[in-house]
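Asker: Attaching a single structure in structure tokens format; questions to follow.
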Amino acid sequence: MHELSVVMSIIDIAQKESSKANASIIDEIEIDIGCFSTVEIDAFEFAWQQAVKETILETTVKKVNHIKGKAKCLNCSAEFALENIYDACPVCGEHLIDIIEGKELRVKSLIVS
Amino acid sequence: MCATCGCGTDDSHDLKELDHHHHKKIVDVEKDVLHENNLLAQRNRGYFEAKNILALNLVSSPGSGKTSLLERTLIDLKNELDFAVIEGDQQTSNDADRIHATETKVTQINTGKGCHLDAHMVLHAVQGMKLTQNSILFIENVGNLICPAMFDLGEKERVVIISVTEGDDKPLKYPDMFYSSTLCIINKIDLLPYVPFDIEKVKANAKKVNHKLEIIELSCTSGEGLELWYNWLKSKVLAPEIA
């Protein structure tokens, strides 16, 4: 259940960034979560509901961008959609791949007032 | 600047006014959620590099033999290398007691309800340890193949341990840990005749997840393969710089 640590870090970032912008309310938060970020979405949602209580994010609208996996084959340079980390390159069948999208886990933006 | 209320003096370019009269602004944050952990991990890494300490993060499911491998290693290489150990467990100091019995410097971290070590815990553990120059620091993570994958501790290498009493599809079921590790140790190979564990299959599965992963097969009980692990360790220790 490392998702709770993830949510706590998000609250921390939101607090710091909103005070830097001299804002007291965060209306919306936009978060990128890649499918290989090791965050389980159901656990994340559950942790979110509990953890944001009595914080600056309690009433904030949360927008999550789920980012799909993309890889580049180091053997034939093909770029392709990656569903599982262990998938082979669909062009040459090699497992020599580099994940180029899907590892994201970041706070993208806030809308504050 | 707004003539009505005087707002808009903030020249920070990552603030954009969205709805002027409600004073809503967009703040472009673009910050990694684990930013704080990663900063502390880099701080740990800098400390280790400055003292030429080889820090290794040992991860596995509970019961794969992390502590047994350490006990054996600490005793066998006692006269050749200098070691220290950080033990991570939810509760008890049982593992630290076992390491202490080998006369190695050890600190126990109890994570309480936590399922992983993070860079902050390691930072504080290291502060109290007075690590010696040119040594090896083993950080034995909480037995868990999922959560610790996410947290950089500042280690040089991550070593994932799997034992032959587990399933040979484990690398596929828990790919993140195998993806983020540099060495995989397959432990308890003395039990291979008694269990339906296909060692070639597990190696192929691990390589599917991470083509750069090195693999060493060994048994802490029979001692088979330990030499490979010891050679790997010695190869990673940098010769101390001569001032």
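Just so you know, all these numbers are worked out from the coordinates, no wet-lab data involved. As the structure is a computational prediction, the values presented were derived from the model and not from experiment. Using ideal geometry, Cβ is built from the backbone for each residue, glycine included, and neighbour counts are taken over all protein chains shown.
Asker: How fast does region A:3-112 diffuse by Stokes-Einstein, in µm²/s, taking the Kirkwood radius from C-alpha pairs at 4 °C and 1.567 mPa s?
Answerer: Answer, rounded: 84 µm²/s.
Asker: While we're looking at this one, here's another question. Can you give me the C-alpha center-to-center distance between region B:57-113 and region A:22-53, rounded to a whole angstrom?
Answerer: 35 Å
Asker: Non-local amide H neighbours of A:Ser109 (under 5 Å, H modeled in plane, Pro and chain starts lacking H): which ones?
Answerer: Hits under the 5 Å cutoff: A:Glu30, B:Val29, B:Glu30.
Asker: Now a separate question. How large is log10 I(q)/I(0) at q = 0.07, 0.12, 0.15 Å⁻¹ when the Debye formula is applied to the Cα atoms of the protein assembly as shown, each weighted equally and without solvent?
Answerer: -0.37, -0.96, -1.30
Asker: Enter the mean number of other protein chain beta carbons within 10 Å of the beta carbon of each residue in A:1-8, as an integer.
Answerer: 5
Asker: Suppose we keep just the DSSP beta bridges with both residues in chain B; what percent of those would be antiparallel, to 5?
Answerer: Just about 10 percent of them are antiparallel.
Asker: Run a plain Debye calculation on region B:81-184 (Cα atoms as equal point scatterers, no solvent) and give log10 I(q)/I(0) at q = 0.14, 0.20 Å⁻¹, rounded to two decimals, same order as the q list.
Answerer: Cα-only, vacuum Debye calculation for region B:81-184: -0.58, -1.12.
Asker: So how do A:Ser19, B:Ser180 line up by other beta-carbon neighbours within 10 Å, fewest first?
Answerer: A:Ser19, B:Ser180
Asker: Hey, got the average number of other protein chain Cβ atoms within 10 angstrom for residues in A:105-112?
Answerer: So the per-residue partner count for this stretch is 6.
Asker: Using the Kirkwood radius over C-alpha pairs as Rh, can you work out the diffusion coefficient of region B:35-236 via Stokes-Einstein at 20 °C, viscosity 1.002 mPa s, in µm² per second?
Answerer: For the chosen part, D equals 126 µm²/s.
Asker: I'd like the Karplus ³J(HN,Hα) series for region B:114-123: coefficients 6.51, -1.76, 1.60, θ = phi - 60°, whole numbers in Hz, and an x wherever there's a Gly or Pro.
Answerer: x, 9, 7, 8, 10, 5, 5, 4, 5, 3
Asker: Compute the angle between helix A:3-20 and the longest alpha-carbon principal axis of chain A, please, reported from 0 to 90 degrees and rounded to the nearest 10.
Answerer: 60 degrees
Asker: Using a simple charge model, +1 on the beta-carbon of Lys and Arg, -1 on the beta-carbon of Asp and Glu, nothing else, what dipole does chain A show about its Cα centre, in debye to the nearest 20?
Answerer: 280 debye
Asker: For B:210-219, what's the mean count of beta carbons from other chains sitting within 10 Å of each residue's beta carbon?
Answerer: 1
Asker: Working from Cα positions, state the angle (0 to 90°, nearest 10) between the long axis of helix B:66-76 and the longest principal axis of chain B.
Answerer: In chain B, helix B:66-76 runs at an angle near 60 degrees to the longest axis.
Asker: With a 10 Å Cβ neighbour count serving as the proxy for reagent exposure, in which order, fewest first, do B:Tyr47, B:Tyr174 appear?
Answerer: So the residues, fewest neighbours to most, are B:Tyr47, B:Tyr174.
Asker: Just to confirm a number: summing +1 for Lys and Arg and -1 for Asp and Glu over residues other than B:Thr73 whose beta-carbon lies under 12 angstrom from that of B:Thr73, what do you get?
Answerer: It works out to a net charge of -1.
Asker: How would you rank B:Thr107, B:Thr102, going from fewest to most other Cβ atoms within 10 Å of each one's own Cβ?
Answerer: B:Thr102, B:Thr107
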